[in-house]
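Asker: Just passing along the structure, written as structure tokens.
What follows draws every value from the coordinates through simple rules; no lab data is involved. Since we're looking at a predicted model, the values are computed, not measured. Backbone-built Cβ (ideal geometry, glycine too); neighbour counts: all protein chains shown.
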């Protein structure tokens with residue numbers, strides 16, 4: 001797939017957190033606009049950032065080349081007001097999508113954060129590229145609270161290929177997450193959205209994560225499933241004979257299942273408070 005890449009100067013890099021991020025985060029941070037992983041269920045496809053684009057989602061990425069400079073300026077202003085800074089990176093893109101190998105925007109942001117750390121940083125990704133920056137994240141952890149959250153919607157590669165054909169493989173993600181965990185950095189498996197998985201899924205996460213976050217297409221798309229419906233998710237599940245997994249209360253069943261294997265305080269569901277910072 002050809003990706004249209006464009007370098008841009010962003011006006012700001014920290015955006016006030018609201019909506020589903022209003023669970024302890026103060027800001028979201030997106031090093032890029034657009035995402036080449038192009039997951040079919042991604043709710044950002046239904047947001048204004050894509051609605052007013054002529055290019056399909058997944059085929060364009062804007063690179064915010066002044067992201068680190070903006071961060072340095074903006075956090076200084078926030079600190080003057082004595083405001084807490086709890087950052088979710090990222091809410092509408094992946095900070096470790098393939099272009100990051102060359103552009104190093106996320107890496108530059110981490111370097112800036114080591115100089116002037118936030119109170120808390122959650123890195124949300126589905127890319128094993130995060131292994132590259134383990135040393136930087138470990139240095140930031142000495143100054144700030146950090147959580148690396150890896151999206152693992154399922155443990156089935158065949159399911160991943162249906163819903164997120166351009167995203168990295170599940171085994172590669174879990175390998176990277178283990179490397180982060182082994183480096184002493186707190187980790188989370190984000191089962192978001194929960195897709196069909198095997199009974200062995202919890203065992204694959206044992207000893208790899210400190211937290212498990214559960215989300216579904218019904219409660220996690222910002223419109224109680226309406227965006228997911230507009231994206232054709234019910235039809236996609238039906239086409240692959242998976243309709244039994246497309247349920248309004250799926251999160252209840254998934255939470256109950258994972259709590260058979262992990263302590264209650266390790267497992268949270270979207271719409272609850274985030275894990276303690």
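Asker: Normalise the Debye intensity by I(0) for region 51-100, one equal point scatterer per Cα, no solvent, then take log10 at q = 0.28 Å⁻¹ and round to two decimals.
Answerer: Evaluating at q = 0.28 Å⁻¹ gives log10 I(q)/I(0) of -1.18.
Asker: Could you compute the FRET efficiency for residue 131 and residue 11, with r as their C-beta to C-beta distance and R0 at 30 Å, rounded to 0.05?
Answerer: Using R0 = 30 Å, I get an efficiency of 0.40.
Asker: Can you classify region 114-171 as rounded, prolate or oblate using the Cα gyration tensor, where a ≥ b ≥ c are the square roots of its eigenvalues, rounded means a/c under 1.5, and otherwise it's prolate if a/b beats b/c and oblate if not?
Answerer: prolate
Asker: May I pose another question? Once each part is reduced to its C-alpha centroid, what is the distance from region 111-177 to region 15-70 in angstrom?
Answerer: Region 111-177 and region 15-70 have Cα centres separated by 16 Å.
Asker: So what's the gap between the Cα centers of region 80-108 and region 194-267, to the nearest angstrom?
Answerer: Each part reduced to its Cα centre gives a spacing of 26 Å.
Asker: Would region 196-277 count as rounded, prolate or oblate if I go by the C-alpha gyration tensor, calling it rounded below 1.5 in a/c and otherwise prolate when a/b exceeds b/c, oblate otherwise?
Answerer: oblate
Asker: Using packing as a proxy for protection, rank 121-134, 100-113, 162-175, 70-83 so that the peptide with the highest average count of other Cβ atoms within 10 Å comes first.
Answerer: 121-134, 100-113, 162-175, 70-83
Asker: While we're on this one: Mind checking the full-extension length gain between residue 3 and residue 240? Use 0.36 nm per residue of separation minus the Cα-Cα distance, one decimal, nm.
Answerer: 82.5 nm
Asker: Can you pull the semi-axes for the chain, root of five times each eigenvalue of the Cα gyration tensor, sorted largest first, whole Å?
Answerer: 28, 23, 18
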